[in-house]
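So the structure is just underneath, and the comments pick up after that.
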Amino acid sequence: MKKLIVIVLAMMALATTATAQIKQISSTKLPATARTTIKKTWNNAPIVDAWQNKEGRRVEYKASIEDGSIVKFNAAGQWIEVKSYGGVPTTLFPAALNKFVSDYYEGQLIVWGIRTNTKYQVQLTDGSKLEFNKNGKFQAFL
């Protein structure tokens with residue numbers, strides 16, 4: 001019975017250390033690069049809320065902008081995900097990506113996007129999901 005208790009306690013300790021630690025922070029605690037991106041992209045719109053998410057060694061930040069946009073940043077402050085039902089600012093994406101959307105999806109806005117080192121994925125107001133390479137060249141429908 002003692003072995004079982006020790007095993008259960010050890011498993012609980014492991015589970016506790018492996019879980020994410022999400023805490024609300026002041027917007028001034030966001031990485032400088034993230035604050036600069038928000039300032040330039042959203043024309044100095046106020047940051048309503050900011051959070052820090054630590055999971056092991058990985059750290060991410062999330063900011064909620066006054067217009068309802070939500071932006072997720074990596075530890076270096078580069079945006080990695082953005083959502084805005086009013087339309088994500090096009091300045092976050094390469095010109096080729098924006099041109100493709102305006103040429104083939106006239107009147108549609110990008111409402112969600114993810115950026116990695118190699119690609120962008122976006123969703124438009126009509127629900128279309130598209131993938132582009134890092135230069136904004138169309139790659140696939142999702």
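The values are calculated or read from the model by the stated rules, or taken from the named source; none is laboratory data. Since the structure is predicted, the reported quantities are computational estimates derived from the model, not experimental observations. Neighbour counts are summed over all protein chains in view; Cβ atoms, including those assigned to glycine, are modelled from backbone coordinates with ideal geometry.
Does the stretch 24-44 hold any residues that are among the hydrophobic types (A, V, I, L, M, F, W, C) and either part of a strand (DSSP E or B) or at pLDDT below 95 (or both), and which are they? Show your work before the answer.
Step one: list which residues in the stretch 24-44 are among the hydrophobic types (A, V, I, L, M, F, W, C), which gives 25, 30, 32, 34, 38, 42.
I25, the sole residue that qualifies.
Testing Y61 on (1) at pLDDT 95 or above; (2) over 17 Å from the mean Cα position of the chain (by Cα), one condition comes back false. Which one is that?
Looking at each condition in turn, Y61 falls short on (2).
Tally time: how many residues in the stretch 100-120 are touching a Gly at 6+ places or on another chain (Cβ under 9 Å) and over 16 Å from Y85 (Cα atoms)?
Number satisfying all stated conditions: 2.
For the stretch 114-122, indicate whether the set of residues that are in contact (Cβ under 8 Å) with a residue 12 or more places away in the chain, part of a helix (DSSP H, G or I) and outside the structural domain of S27 (by TED's automatic domain parsing) is non-empty.
No, that holds for no residue.
Considering only the stretch 91-117, state which residues are of a type in the set (D, E, K, R) and out of contact with any Phe, Trp or Tyr (no Cβ under 8 Å at 6 or more places or on another chain).
Within the stretch 91-117, K99, D103, E106 meet the criteria.
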